[in-house]
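Q: What follows is a single structure, and I will ask about it in a moment.
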Amino acid sequence: MPRKKPSKGLNHRQKERIDLIRQRRSDRVISRQRAEWDLLADTTLEGPEEGLVIAHFGLNVEVEDLKGGRCRCAVRETAGIEPVCGDRVIWQRANADQGVVTAVKDRHTILQRPGAYRRLKTIAANIDQIFITTTSQHPNTGLLDRYLVAAEAANIAATILINKMDLAEDPEALMAQMAPYRAMDYPVLPLSATTGEGIAELEEKLAGRVSIFVGQSGVGKSSLVRRWVPEESAPAIAPVKASNGKGRHTTTVARLYHLPAGGSLIDSPGIREFGLHGISREQVGGYFRDISPFLQGCRFSNCSHSHEPGCMVLSAIDNGKIDSVRLQSLRRIQSSLPASSH
Ligand SMILES: Nc1nc2c(ncn2[C@@H]2O[C@H](COP(=O)(O)OP(=O)(O)OP(=O)(O)O)[C@@H](O)[C@H]2O)c(=O)[nH]1
Ligand SMILES: [Mg+2]
Ligand SMILES: [Zn+2]
């Protein structure tokens with residue numbers, strides 16, 4: 001009999017405890033790394049220079065200098081925050097391939113998601129636009145809706161990519177499913193990394209801007225990135241045979257690539273779920289572009305928008321102004337969030 005995964009069947013408290021143990025373990029590893037690098041920092045460092053973080057691995061980051069050279073850097077505790085992909089930093093070189101980041105410059109945007117033990121994990125900084133990637137086979141609008149809330153909350157423009165259109169059985173039905181998103185002014189791009197469908201349009205949107213591809217494992221984020229990155233530095237993708245439509249977490253760290261037409265693109269590791277910590281049950285509706293205009297008009301101020309008379313949201317659904325699937329999605333997200341404390 002196959003062994004059950006240990007995380008299956010555990011209650012919330014047990015899972016939190018496991019998270020806490022994991023977090024403590026990783027904190028210990030990090031403080032060990034820090035001690036090693038502190039020794040390095042005692043060696044003579046060259047003068048401070050500016051750089052761009054193009055990848056980060058725990059406490060270490062890969063920094064690109066202004067001439068395009070690359071260096072593995074530790075992060076000084078005094079830097080205050082942990083730099084992530086897309087951060088502009090001040091750093092000092094220790095030797096040909098090692099250095100120390102001493103400060104992280106102000107960020108104009110940050111994209112975050114909850115990490116272990118209720119800590120918020122920053123995925124990337126200074127991004128201009130998010131490309132939420134999904135596929136024609138499994139559009140997964142539940143996850144899409146969570147990402148859209150995160151993009152709205154972070155004030156970052158979002159575009160929806162529907163990859164693997166070459167495998168679409170009913171492209172028209174799929175586009176009809178995406179109609180509510182288009183109506184909300186989120187661009188929806190049907191694509192195929194395999195045949196090249198939609199790639200020219202995507203390239204236009206990427207040019208000159210800092211973008212990130214996010215989405216579940218196996219949707220083809222890295223396959224799309226490979227369209228613009230030379231073979232030798234291109235991200236690995238899952239071999240076709242091994243891919244069962246669920247993905248295998250081929251990309252393990254976020255990495256920034258420069259685009260030939262200017263601008264840059266961050267490829268990020270696929271995720272299973274996307275929680276929305278830091279947003280309360282009461283706030284989240286405000287980030288649903290289609291539903292939020294109706295939320296203030298209900299007869300009862302504590303309307304749950306499920307059965308109440310005088311509910312503006314339900315009447316907007318009856319009038320075809322809101323898709324009922326989106327309200328279901330909002331309810332699901334709300335039930336996963338804590339009510340605000342006030
Ligand atoms: N048919 C088809 N297959 C594709 C397409 N794009 C990607 N694939 C395949 O999908 C699989 C997963 O692709 P990846 O690019 O590794 O997916 P990913 O989103 O980067 O996955 P993670 O790195 O795990 O997050 C690979 O076997 C690709 O060859 C497409 O447009 N059509
Ligand atoms: Mg990948
Ligand atoms: Zn209502």
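The values are calculated or read from the model by the stated rules, or taken from the named source; none is laboratory data. Just so it is clear, the model here is predicted, and its values are computed rather than measured. Using ideal geometry, Cβ is built from the backbone for each residue, glycine included, and neighbour counts are taken over all protein chains shown. Surface accessibility is based on the protein's heavy atoms, side chains included, excluding ligands, DNA and RNA. Shrake-Rupley method; radii C 1.70, N 1.55, O 1.52, S 1.80 Å.
Q: Can you run down the residue pairs with Cβ atoms below 9 Å, 6 or more apart or on separate chains, where the first is in the stretch 249-266 and open to solvent by less than 40 Å² (accessible area, probe 1.4 Å) and aromatic (Phe, Trp, Tyr) and the partner is modelled with pLDDT of 90 or more and assigned to a strand (DSSP E or B)?
A: 257/54; 257/264; 257/265; 257/266; 257/267
Q: Given the criteria under 13 Å from the mean Cα position of the chain (by Cα), open to solvent by 20 Å² or more (accessible area, probe 1.4 Å) and of a type in the set (Val, Ile, Thr), does residue 123 qualify?
A: The answer is yes for residue 123.
Q: Please work out which one of (1) open to solvent by 20 Å² or more (accessible area, probe 1.4 Å); (2) within 16 Å of ligand 2 (Cβ to nearest atom) is the condition residue 299 fails and give its number.
A: (2)
Q: Also, quick follow-up: Check the stretch 186-202 and report whether any residue there is of a type in the set (D, E, K, R), away from ligand 2 (no atom under 14 Å from the Cβ) and farther than 27 Å from residue 276 by Cβ.
A: So far as the stretch 186-202 goes, yes, one or more of its residues are of a type in the set (D, E, K, R), away from ligand 2 (no atom under 14 Å from the Cβ) and farther than 27 Å from residue 276 by Cβ.
Q: Where residues in the stretch 227-268 are on the phi > 0 side of the Ramachandran plot and at pLDDT below 80, which of them is farthest from ligand 1 (Cβ to nearest atom)?
A: 245
Q: Quick one: residue 290 ticks every box in (1) of a type in the set (D, E, K, R); (2) more than 10 Å from ligand 3 (Cβ to nearest atom); (3) open to solvent by 40 Å² or more (accessible area, probe 1.4 Å) bar one, so which box is it?
A: Here residue 290 meets the rest and fails (3).
Q: Do you know which residues across the stretch 186-234 are among the β-branched types (Val, Ile, Thr) and open to solvent by 60 Å² or more (accessible area, probe 1.4 Å)?
A: Within the stretch 186-234, 194, 195 qualify.
Q: I'd like the full set of residues that are more than 30 Å from residue 12 (Cβ to Cβ), surrounded by 18 or more Cβ atoms within 10 Å (Cβ to Cβ) and within 14 Å of ligand 3 (Cβ to nearest atom), limited to the stretch 318-340. Working first, answer last.
A: Quick first cut of the stretch 318-340, residues more than 30 Å from residue 12 (Cβ to Cβ) only: 318-323.
Retained after the next criterion (residues that are surrounded by 18 or more Cβ atoms within 10 Å (Cβ to Cβ)): 322-323.
Correct list: 322 only.
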